[in-house]
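Beneath this line is the structure, given in structure tokens, with notes to follow.
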Amino acid sequence: AQWFPKLAVLETPGVRGATTDRWAGRQFHAGTEFYADFADYTVEITAPADVVIGATGRRTAEAVGDATQTVTYQQRAVTDFAFTAGGFDEYASAWDAPGGDPDVDVRYLVFAGKPFDLGRAQDAVHGALQVMNTRVGAYPYDVLTVVYPPVSGITVGGMEYPTLFTGIVADDLVLKSPIGDTRLFETVDIHEFGHQYFQHLLATNEQTEAFMDEGFNSYWEGEIMVDLFGRATSNGTMFGRPMDQQTGTRIGAKESFAKMREAIAKRPSSLFEPGTGGSQIYPRSAVVLQTAEGLFGQDVTDAVFQAYFDEWKFRHPDIDDFLDVAARVGGAEVEGFLREAFFTPIHPDFEVDRATTREFEPPSGRYVRDDGDVVVGADNRDEARGFVIDDRARETDGRVWVEITDPGWADLDGRRDGRVHQESFAPTAGEAANADADAAFYVSVVRIKGPAWSNLPIEVVLTFEDGVEIRETWSGQAAWRGYRIVRPAKLAAVRLDPENKIMLDLDPANNSKLLSPDGDLKADWSMWTGAFVQFLVSVVWGVS
């Protein structure tokens, strides 16, 4: 049961854009959560004597009779109150908070007689408490109750209330292979605990800005999973293959991201275009923050969230308040990226559109030389290579020269004219060729495309068969960019965002091109697919 009616929020000047005192008590929309103010609750619950009761806050009194029991729960400064009463097995643990913050007594209420892994639950809940206390701010309450409902109550699983949340259902299915090999059990606990911060402490209005609750929390869910279990296996394994929780979320939402035509920050949250609302509110917001971490570093994003929590806990911030903190703590670049990402309708996508390499052939025509003009045609093309090749292509200066086509850009804030220019790069791997003029040379042509954002730079890596690698950071402000390289080695690969910083990128699969097949990748996936097929056959055989 959940407390109702809710306490409407009195928004005073400076809260969510209010200029005078106003009440926020909008009708409930089932697609989002309630928006309620903080209050102190003292609640008496009378129930049959043989049931176990869990509730928001700490039990401060109880009276048990032959048939009934009456218990009292109290909690200061929460936005809601909820309780459960039923047939539960009860487990307990205590989390020792660092630095003098309140220790937390944790109760786990599991549907009676059902299997339960207390170790996994403690790893998830204690780990989440540790990460959030360390990287965001101290959990201010000294109690926490986690409820695991039966399968028949699956619709109440995975739900959050102050100091109480429901985890995944108590059932063999979630603990046995293959589902038990994943971290679905831990993910639900960690996600629902994160709501103690977003929205129960940072009490945003989910009816208008649900992404500040679910999206911010989805980001921290991923951070906690990585901190606790490592990135590669942050979501466990599936038939022996490691599962990266953050990348899985990004790829899983790709098709819905491609359909989006509205900004994350539009209001209200219940009126996103049908079929896109869930992805706007949860994963799209999360990958924005993951990208901010990739671009500016975890120390910066953590500092922004720490300041945001310190300033706005037990209050009602909106997106402008968060961006103000980002500008003040992270700087103009951080705020500029976040503002563009939250307010731009179309989801960004980078792509390697073209990558070719071929042997250099001198163009036909008349070449003016000090020792006399030379006409190059089909009959003397091979002989002409030596004197037609630009000396810079020999790389005697230790640098690789690239012809870059920058088409320029224009938007409402300004424009920049395009140009074609030569630029030299010091190799980041391998050594420049320092070749003779009569060596074999190759022409490599690359074209990449981007979303033409103002605050989303991306790294471009060109790798050649002789081991030479060159890198540059492209601002991404133009819609595309071209490269032409003449050097004594073929192009082997083009990669965008090699360190996977731009988690916001729509389709990571189109961020690279190999000019020859990757045999190791093919063999790896062939082996895994074979194992998966064997599993399916064994299931079918067992059923039949």
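The values are calculated or read from the model by the stated rules, or taken from the named source; none is laboratory data. Please read these numbers as outputs of a predicted model, since none were measured by experiment. With ideal geometry, Cβ positions are generated from the backbone for all residues, glycine too; neighbour counts draw on all protein chains shown. Side chains are part of the model used for accessible areas, which takes the heavy atoms of the whole protein and leaves out ligands, DNA and RNA. Shrake-Rupley method; radii C 1.70, N 1.55, O 1.52, S 1.80 Å.
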From the options A92, A61, A77, residue that is at pLDDT 95 or above, assigned to a strand (DSSP E or B), at positive phi and among the aliphatic types (A, V, I, L, M) = A77
Of all residues in the stretch 380-390 being without any contact (Cβ under 8 Å) to a residue 24 or more places away in the chain and open to solvent by 70 Å² or more (accessible area, probe 1.4 Å), which is farthest from V486 (Cα to Cα)?
-> E383
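Residues are listed down the side, and each one gets a yes or a no for (1) touching a helix residue (DSSP H, G or I) at 6+ places or on another chain (Cβ under 7 Å); (2) buried (at least 16 other Cβ atoms within 10 Å of the Cβ):
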{"residue": "A138", "(1), (2)": "no, yes"}
{"residue": "T145", "(1), (2)": "no, yes"}
{"residue": "Y148", "(1), (2)": "no, yes"}
{"residue": "S152", "(1), (2)": "no, no"}
{"residue": "V156", "(1), (2)": "no, no"}
{"residue": "I168", "(1), (2)": "yes, yes"}
{"residue": "P178", "(1), (2)": "no, no"}
Working only within the stretch 86-106, note down all residues that are of a type outside the set (D, E), under 14 Å from V146 (Cα atoms) and either touching a residue at least 60 places away in the same chain (Cβ under 8 Å) or open to solvent by 50 Å² or more (accessible area, probe 1.4 Å) (or both).
-> Y91, A92, A94
Which condition number in (1) farther than 30 Å from G294 by Cα; (2) of a type in the set (G, A, S); (3) not in a loop (DSSP other than H, G, I, E, B) is the one that A493 fails?
-> (1)
Among (1) acidic (D, E); (2) under 22 Å from T357 (Cβ atoms); (3) part of a strand (DSSP E or B) - the single one D436 does not satisfy = (3)
Go through the stretch 113-136 and give me each residue that's open to solvent by 50 Å² or more (accessible area, probe 1.4 Å) and part of a loop (DSSP other than H, G, I, E, B).
-> G113, K114, D117
Would you call Y148 under 26 Å from the mean Cα position of the chain (by Cα) and of a type in the set (S, T, Y)?
-> no
Open to solvent by 10 Å² or more (accessible area, probe 1.4 Å) and touching a helix residue (DSSP H, G or I) at 6+ places or on another chain (Cβ under 9 Å), is that true of S256?
-> yes
The stretch 303-328 residues that are in contact (Cβ under 8 Å) with a residue 60 or more places away in the chain, paired with ones that are of a type in the set (S, T, N, Q) and open to solvent by less than 40 Å² (accessible area, probe 1.4 Å) (beta carbon under 8 Å, 6 or more apart) = H316/T204; H316/N205; P317/T204; D318/T204; D318/N205; D318/T208
Just for the stretch 439-468: of the residues that are among the aliphatic types (A, V, I, L, M), surrounded by 15 or more Cβ atoms within 10 Å (Cβ to Cβ) and assigned to a loop (DSSP other than H, G, I, E, B), which one is modelled with the lowest pLDDT?
-> A439
Does the stretch 500-509 hold any residues that are at pLDDT 95 or above and open to solvent by 20 Å² or more (accessible area, probe 1.4 Å), and which are they?
-> K501
Residue list for the stretch 267-287, restricted to those being of a type in the set (K, R) and open to solvent by 50 Å² or more (accessible area, probe 1.4 Å) = R267
The stretch 396-425 - residue that is of a type in the set (G, A, S) and touching a residue at least 40 places away in the same chain (Cβ under 8 Å) and, of those, farthest from G372 (Cα to Cα) = G408
Is the stretch 223-235 home to any residue that is polar (S, T, N, Q) and out of contact with any strand residue (DSSP E or B) (no Cβ under 7 Å at 6 or more places or on another chain)?
-> yes
Contacts under 9 angstrom Cβ, first residue in the stretch 357-371 being open to solvent by 50 Å² or more (accessible area, probe 1.4 Å), partner among the hydroxyl-bearing types (S, T, Y) and assigned to a strand (DSSP E or B), 6 or more apart = R358/Y442; R358/S444; E359/Y442
Counting only residues that are surrounded by fewer than 18 Cβ atoms within 10 Å (Cβ to Cβ), give me the strands (runs of 3 or more DSSP E) lying completely in the stretch 7-52 with at least 3 of them.
-> 39-48
Can you tell me which residue among T247, T187 is crowded, with 17+ Cβ neighbours inside 10 Å and at pLDDT below 90?
-> T247
So A393, is it within 25 Å of R381 (Cα to Cα), in a helix (DSSP H, G or I) and touching a residue at least 40 places away in the same chain (Cβ under 8 Å) = yes
So which pairs qualify, if the first residue must be in the stretch 199-227 and in contact (Cβ under 8 Å) with a residue 40 or more places away in the chain and farther than 23 Å from T134 by Cβ, the second must be part of a helix (DSSP H, G or I) and among the basic types (K, R), the Cβ gap must be under 9 Å, and the two must be at least 6 apart or on different chains?
-> F211/R284
Given the stretch 137-240, what helices (runs of 4 or more DSSP H) lie entirely inside it while holding 1 or more residues that are out of contact with any Ser or Thr (no Cβ under 8 Å at 6 or more places or on another chain)?
-> 184-194, 214-229
Looking at the stretch 391-417, which of its residues are open to solvent by 90 Å² or more (accessible area, probe 1.4 Å) and of a type in the set (A, V, I, L, M, F, W, C)?
-> L412
